[in-house]
Amino acid sequence: MRIRHLILLTATAVSTAQARAPREGQPLRPTLAVVPQGNEPALQYGPTILPRPFGGELVDTLSIIGRYQTGRDTLFLVRGSGGASCPSRYVVVAPSRGGTPLVTAPFGTCALADAKVVRGQLIVAMNADAVGGPAIRYAYIGGQMRPLDAPPPQATADTTCRSYESAGAVGQDAMLAEFDRTFPDEFRHASELKKVAIAPDDLRRLVTGLACFSTWPGAEKMVPEAATPLFASKRYGDASFAALETVSQTPGVDAGVVAAVRQFGAEMRYYVGRRTAL
C-alpha cells in the first residue's frame, strides 16, 4: 500500500508540474523590467524599450511596484523617484496586444501609493502629499489615470531643479534627444489636448519640469516649441501660466526654480503670441 500511495503522489506531482509549465514551443509572456539607457533608467517590455516614461519630468530611479490583471488587460504600476522634494511619482504601463505598450501621463502627490483592483478596475490611493493628508485616489480609465477625489487645496511645489551638469556631456545630449523623441504627441497638438485630462497637480509638475529642463543648453528652444500647443490651448493655456505663477510665489521654493519658471513663463507668452500672430 505504501508503494502504491507513493506512486499516486508522484504521478499527481508530475501532472501538476506539467500543467503549470509552459507547453513546448509556447513563448513566455514578456514582463516589464527596469534597464539602464545611457545615464538614465528606462523600462523594457519584451524587446521594446520605453525611454523616459515620465516624459519631461526628470526622475533618478524607477521601481516596478506591481502587476495587476483587469479583465484581459495586464497593468504595471511604476514609481519614479525625483529626489527629496518629490520622492514618489507614478505611471501605469499597459502592454497592448501586438503594439507598443501604452504609458500614462505621470500622476500622484509625491506620497507612497497603495494599489489594488476593485471590481475589475485598478485603483491607486495615496496621501495628499509626501508627509500626510487625506487620501487621494486615482483610477485607470480609458488608458489614463484619473483622480477620483479632489486634489489637495495647496499642493507642495517642486523645490529644486536638476542641474544639467549632473548628467555629464554625453548624458545631456542623450536626454535632449530623448525629450524630443518621447515628449507626448498629444501635448504637441491642440486637437489632441482637447481629449487629454490633466489634473491640476499634474499640470503644475509638468510645467515646472519643462521650465527647469528649458534652462539646459540646447533645450532653450526645443522645450518652448514643444510646449507651445499646451500653453496656447483653450483648455490648459491659462491654467499652465497660472501654475507657473503659483510656483514662483510659493514660500520655500528654491530661487533657481523661481527664476526658471518666471523665465519660462515669459518665453511661453512670446511663443504663444507669435503663434497667435501667425
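For the range 238-266, the set of residues classified as farther than 24 Å from K221 by Cβ and of a type outside the set (G, A, S) consists of T246, Q249, T250, P251, V253, D254, listed by residue number. Being closer than 24 Å to S88 by Cα, among the hydrophobic types (A, V, I, L, M, F, W, C) and either part of a helix (DSSP H, G or I) or touching a residue at least 12 places away in the same chain (Cβ under 8 Å) (or both) is a property that holds for V257. Scan the range 186-200 and give yes if some residue there is farther than 22 Å from T104 by Cα and either at pLDDT 75 or above or in the same structural domain as P51 (by the TED database) (or both), otherwise no. Within the range 186-200, none of the residues are farther than 22 Å from T104 by Cα and either at pLDDT 75 or above or in the same structural domain as P51 (by the TED database) (or both). Name the one entry in V223, V207, V170 that is modelled with pLDDT under 80 and assigned to a helix (DSSP H, G or I). None of the others qualify; the one that does is V170. Scanning the range 233-254 for residues that are not small (G, A, S) and not in a helix (DSSP H, G or I), we see that the one that is most open to solvent (accessible area, probe 1.4 Å) is K234. Please indicate, with yes or no, whether at least one residue in the range 121-128 is at pLDDT below 90, open to solvent by less than 60 Å² (accessible area, probe 1.4 Å) and farther than 26 Å from A242 by Cβ. No. Looking across the range 70-82 at every residue that is under 22 Å from P200 (Cβ atoms) and open to solvent by 10 Å² or more (accessible area, probe 1.4 Å), the one that is farthest from the chain's Cα centre (by Cα) is identified as G82.
Is there a residue in the range 211-219 that is in contact (Cβ under 8 Å) with a residue 60 or more places away in the chain and among the β-branched types (V, I, T)? There is no residue in the range 211-219 that is in contact (Cβ under 8 Å) with a residue 60 or more places away in the chain and among the β-branched types (V, I, T).
Pairs linking a residue in the range 46-69 that is outside the structural domain of A113 (by the TED database) and open to solvent by 30 Å² or more (accessible area, probe 1.4 Å) to a residue that is of a type in the set (G, A, S) and assigned to a loop (DSSP other than H, G, I, E, B), with Cβ atoms under 9 Å and 6 or more positions apart or on different chains, do not occur. When the range 99-120 is limited to residues that are under 26 Å from K195 (Cβ atoms) and among the hydrophobic types (A, V, I, L, M, F, W, C), the one that is least open to solvent (accessible area, probe 1.4 Å) turns out to be F107.
Of the residues that sit in the range 187-227 and are crowded, with 20+ Cβ neighbours inside 10 Å and of a type in the set (K, R), which one is nearest to C161 (Cα to Cα)? Filtering the range 187-227 for residues that are crowded, with 20+ Cβ neighbours inside 10 Å and of a type in the set (K, R), the one nearest to C161 (Cα to Cα) comes out as R205. Scanning the range 89-121 for residues that are under 13 Å from the mean Cα position of the chain (by Cα) and either outside the structural domain of P36 (by the TED database) or closer than 22 Å to Y45 by Cα (or both) yields R89, Y90, V91, V92, V93, A94, L102, V103, T104, A105, P106, F107. L230 meets all of the listed conditions (1) modelled with pLDDT of 85 or more; (2) crowded, with 16+ Cβ neighbours inside 10 Å; (3) outside any helix (DSSP H, G or I) but one, namely (3).
The values are calculated or read from the model by the stated rules, or taken from the named source; none is laboratory data. Computed from a predicted structure; not experimentally measured. Virtual Cβ from ideal backbone geometry, glycine too; neighbours counted across all protein chains shown. Quick note on the areas: whole protein, heavy atoms, side chains included, nothing else; ligands and nucleic acids left out. Shrake-Rupley method; radii C 1.70, N 1.55, O 1.52, S 1.80 Å.
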